[in-house]
Structure formats: structure tokens, C-alpha cells
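Every read-out reported here was derived from the displayed coordinates using simple, explicitly stated rules and does not represent laboratory data. All figures in this text were calculated on a predicted structure; none of them were measured in a lab. Here the Cβ positions follow ideal geometry from the backbone for every residue, glycine too, while neighbour counts run over all protein chains shown.
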Amino acid sequence: MKTASTKTERSFGDRLREIRKQRSLSQTELGEITGLHFTNISRYERNLSHPGAETLKKIADSLGVSSDYLMAGTVEEAAKAHFEDRELLNQFK
């Protein structure tokens, strides 16, 4: 017997949007950093399309997270990303 479960898993687009906003970047700014048009970023965030491997790496590197985290959302990678953010902020104190 299957039971209904609440959907807690976020999509690639959800993770991309969340991290972009955490970094205080607009879609246009992220596009400029990665060499992509802002409409591509928008399509990725709305899960209308997904980037190829090379583009995914550019986006992940630009946001300071791993490609694995963007695609799969592993807890370990999320924790690492948040920890690195705190380390970076502490350098400016």
C-alpha cells in the first residue's frame, strides 16, 4: 500500500533560484557572469529547460556550489556551501 508523502524535494530550478537570490544576483547579473542570456537563466529556474554539462559547471562555479548540488541537492553539498559562505564573511570582519 502506497502512502501519500509531502513533496520536500526541490527541483534544479528551485535550487538555482534559491542560491542566485542568496548571492543577491539578478538573472541578468548571473547571465553576465556565466556568459548566458538572462532568458536562459529564467528558463532553467522555471524548469522549462536544463543546461548542458559545460553550462551547468559555469553556473555552479559562478554561484560557488557544486554541479551535484544544483542537480541533486545533496545535503552534504548544501551544508558545505553554507559553511564556505560563513568563512568568506568572517574574512571581511
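Taking 0.36 nm per residue of separation and subtracting the Cα-Cα distance, full extension of the segment from residue 10 to residue 57 would add 15.0 nm. Per-residue extension of 0.36 nm, minus the Cα-Cα distance of residue 26 and residue 68, leaves a gain of 12.9 nm for this segment. Packing here is the average count of other Cβ atoms within 10 Å per residue, and on that basis the peptides 20-27, 60-67, highest first, run 60-67, 20-27.
Label-to-label distance for residue 49 and residue 18 is 2.5 nm, based on points extended 7 Å past Cα in the beta-carbon direction.
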